[in-house]
Amino acid sequence: MSIAEAPHPAAPDAPPRHDWTREEVRALFDLPFPELMFRAQSVHRAHFAPGEVQISTLLSIKTGGCPEDCAYCPQSAAYDTSVRADKLMPLDAVLAEARAARDAGASRFCMGAAWRSPKDRELEQVCAMVEGVKALGLETCATLGMLTAAQARRLKAVGLDYYNHNLDSSPEYYEKIITTRTYQDRLETLAHVRAAGIHVCCGGIVGMGETREDRVGMIATLASLPAHPESVPINMLVRVAGTPLAEKPRLDPIEFVRTIAVARITMPRSVVRLSAGREDMSEETQALCFLAGANSIFYGPKLLTTPNPERSRDAALMDRLDLSPMAPI
Ligand code: SAM
Ligand code: DTB
Ligand code: SF4
């Protein structure tokens, strides 16, 4: 291909780049809002059908009592929240939830466990769940904490499609939010998941009291991973009583939309999930998120431990916005 034919790096259909600098990401955040939205929409339309939304359902298979100290999390044993510690759910109960999620219209079922990292015996129990959920015709996702390379390969062998492990924030702000494991630990788990051939689901949380520069740092880190995560969840902090972040001021919803738009532009082929936080978000803000390039949601009345919109409300919203479920990729 001659230089003249090469796609301009800023063109909507330019191939994904992995060398995003903070300056470039900051410049996107700083764009006038109409310009940012136009660019995000152009990129979105070059890679996806703009009316299609990937539908995932979450289940907490092991709730509470977690030894980590993530300041946002109601499941950490370090904080006094209303979440009680529970044992790993039995296989048949997980499969019943997965069947219900499938029958309600989800194409992916995500199983979350409040672990720092799974013990090998626990991993085997989750492997049986992955096999069972897959046999129902659903895509599978798990989020179990840190994994070794061997554990990631084991999950791949039983057919796990996606592994969720978030970077959560910029490297600098991360240290103010979690002390019990490092950013580097997270990058290593992501590398193990990628090397095992499992699709990566990795994003973060905004609204934790971080600055725009931290949001810039988070997106720049995600967008300069050796391969972009196939799925990028952008969570708005759910402020849970008893956690250290419970009283943080609400983030301006337009700044949240900007974060989605910048994720869409910098990771053009990734599915960007409008993740936690929709329960407290207006339908108009959610509509702007879809216009900014978000194309996935969690569907069903509960996230892991906190509320999410009722299915009927989401179905009505999708109908009003002419959105339809995306077929599994
Ligand atoms: N324990 C595992 C781990 O942390 O990797 C898996 C479950 S953990 C609950 C999965 C993700 O949920 C976290 O990385 C975080 O991004 C998100 N999360 C947890 N609490 C949240 C909250 N209050 N608001 C928004 N997102 C939250
Ligand atoms: C992600 O990024 N968000 C989801 C999923 N991955 C596991 C979790 C949101 C949790 C919100 C708080 C709760 O319900 O406990
Ligand atoms: Fe534990 Fe995960 Fe919650 Fe952190 S986010 S406290 S690791 S369940």
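For the reader, a short list of remarks on this structure follows.
- Counted residues, the range 160-169 - those being within 14 Å of ligand 1 (Cβ to nearest atom) and either open to solvent by 20 Å² or more (accessible area, probe 1.4 Å) or over 20 Å from A150 (Cα atoms) (or both): 5
- Residue in the range 196-213 that is nearest to ligand 1 (Cβ to nearest atom), counting only those that are open to solvent by 10 Å² or more (accessible area, probe 1.4 Å) and on the phi < 0 side of the Ramachandran plot: I205
For (1) in contact with a strand residue (DSSP E or B) (Cβ under 6 Å, 6 or more places away or on another chain); (2) modelled with pLDDT of 95 or more; (3) under 19 Å from R250 (Cβ atoms), each residue gets a yes or a no:
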| residue | (1), (2), (3) |
| --- | --- |
| L160 | yes, yes, no |
| P171 | no, yes, no |
| Y183 | no, yes, no |
| A191 | no, yes, no |
| D214 | no, yes, yes |
| P233 | yes, yes, no |
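- Qualifying positions in the range 223-243 - within 16 Å of ligand 3 (Cβ to nearest atom) and in a loop (DSSP other than H, G, I, E, B): L237, V238, R239, V240, A241, G242, T243
- Single residue of the range 93-122 satisfying the filter (within 16 Å of ligand 3 (Cβ to nearest atom) and more than 21 Å from the chain's Cα centre (by Cα)) that is surrounded by the fewest Cβ atoms within 10 Å (Cβ to Cβ): K119
- Condition check for R264: open to solvent by 20 Å² or more (accessible area, probe 1.4 Å), assigned to a helix (DSSP H, G or I), closer than 16 Å to G204 by Cα and modelled with pLDDT of 95 or more: no
- When restricted to residues that are in contact with a helix residue (DSSP H, G or I) (Cβ under 8 Å, 6 or more places away or on another chain) and buried (at least 24 other Cβ atoms within 10 Å of the Cβ), the range 223-237 contains 5.
- Output for the range 149-169, where each listed residue is more than 17 Å from L88 (Cβ to Cβ), within 16 Å of ligand 3 (Cβ to nearest atom) and free of Cβ contacts under 8 Å to residues at least 60 places away in the same chain: Y163, H165, L167, S169
- Residue within the range 171-186 that is touching a helix residue (DSSP H, G or I) at 6+ places or on another chain (Cβ under 6 Å) and touching a residue at least 40 places away in the same chain (Cβ under 8 Å) present: yes
- Verdict on A150 being of a type in the set (G, A, S) and closer than 20 Å to A191 by Cα: yes
- Residue in the range 178-195 that is surrounded by the fewest Cβ atoms within 10 Å (Cβ to Cβ), counting only those that are among the polar types (S, T, N, Q) and within 17 Å of S224 (Cα to Cα): Q184
- Test: G293 is assigned to a loop (DSSP other than H, G, I, E, B), buried (at least 24 other Cβ atoms within 10 Å of the Cβ), away from ligand 3 (no atom under 16 Å from the Cβ) and more than 13 Å from the chain's Cα centre (by Cα): yes
The values are calculated or read from the model by the stated rules, or taken from the named source; none is laboratory data. Source: prediction; values computed, not measured. Here the Cβ is made from the backbone with ideal geometry for all residues, glycine too, and neighbour counts use every protein chain on show. Side chains included, ligands, DNA and RNA excluded: accessible areas come from the protein's heavy atoms. Shrake-Rupley method; radii C 1.70, N 1.55, O 1.52, S 1.80 Å.
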